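What follows is calculated from the coordinates using simple rules that are stated; it is not laboratory data. Not measured: the values here are computed from a predicted model. Cβ sites come from the backbone with ideal geometry, for glycine too, and all protein chains shown count toward neighbours.
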Amino acid sequence: MKPRVAVFAGAALAILACVGFLLEDAGGWFFGTPSGKDFEGLREAMVAEQIVARGVRHEGVLRAMRATPRHLFVPEDRVSRAYDDAPQPIGHGQTISQPFIVAFMTEILQPGGSGTVLEIGTGSGYQAAILSPLYRKVYSMEIVPELAESAAVRLAGMGFRNVEVRKGDGYFGWPEQAPFDAIIVTAAAGHIPPPLVAQLKNNGRMIIPVGNPYMVQHLVLVEKDVKGAITTRSLMAVRFVPLTGGR
């Protein structure tokens with residue numbers, strides 16, 4: 001069995017809550033809200049101007065995007081840019097995706113407030129936080145140990161109790177918890193990983209960027225029907241960091 005990321009609890013979380021931030025790498029990760037900015041107003045503007053204006057209509061997704069403090073998922077030196085219409089670096093060569101892409105990919109999964117979802121590429125935990133109110137259980141995998149560990153602490157400290165983070169190679173999925181109602185991959189793969197297709201339930205959906213990691217990729221919707229037949233559809237051109245690990 002692959003090791004799961006340990007989530008600090010009890011006294012450790014109490015210490016983090018008192019301190020107000022978790023130091024990591026060269027910057028700080030905020031748990032409290034930095035003063036001097038109207039983050040609620042910035043979220044409202046982000047949803048209206050970047051997400052609704054581009055056609056996202058799922059009410060649950062919009063509520064999650066309005067409620068989730070994106071600025072708590074970026075390094076301290078990127079807080080002022082957290083709500084920009086762009087991805088933001090989070091260290092280790094990884095990024096937090098553009099708000100519209102997060103909302104669009106989540107809506108495409110057609111979440112209904114139940115079932116399970118597998119996320120490949122936890123990063124700082126923002127996408128998992130968006131998925132949390134939309135599924136009964138969120139399983140999230142991250143291959144970079146430092147990101148897996150810090151995201152697990154961050155999500156637990158912010159109260160996302162139905163999210164479980166594991167350090168591991170997302171190419172091979174999480175077979176112990178399969179099958180999943182939905183799978184979302186937030187890094188570009190050269191092809192659709194067969195283990196992930198196998199772990200998708202009948203009537204399930206997977207969204208994944210596919211293509212050369214150093215060029216423009218295509219966001220692909222993978223659907224498995226009631227009998228297990230697979231169809232794929234390319235939705236839009238995107239650019240993601242590469243999926244690392246097994247091929």
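Counting only Cα atoms, the size of the stretch 159-199 along its three principal axes is 35, 20, 17 Å, in decreasing order.
Once the Cβ-Cβ distance between VAL216 and SER80 is put in as r, and R0 is 25 Å, what FRET efficiency do you end up with, to the nearest 0.05? Walk me through the numbers on the way to the answer.
Numbers: r = 28 Å, r/R0 = 1.14.
Plugging the Cβ-Cβ distance into 1/(1 + (r/R0)^6) gives 0.30.
A simple spin-label model places the labels of ASN203 and LYS227 1.7 nm from each other, with each point 7 Å out along Cα-to-Cβ.
So if R0 is 30 Å, what FRET efficiency would LYS37 and ARG63 give, r being the distance between their Cβ atoms, rounded to the nearest 0.05?
Working: r = 22 Å, r/R0 = 0.72.
My answer for the efficiency is 0.90.
Under the Kirkwood approximation applied to all pairs of distinct alpha-carbon atoms, what is the hydrodynamic radius of the stretch 173-237 in Å? It works out to 11.9 Å.
One decimal place: the segment ILE192-GLU146 gains 14.0 nm when fully extended, by the rule 0.36 nm per residue minus the C-alpha distance.
Applying Stokes-Einstein at 37 °C and 0.692 mPa s to the Kirkwood radius of the stretch 110-239, computed over alpha-carbon pairs, gives a translational diffusion coefficient of 223 µm² s⁻¹.
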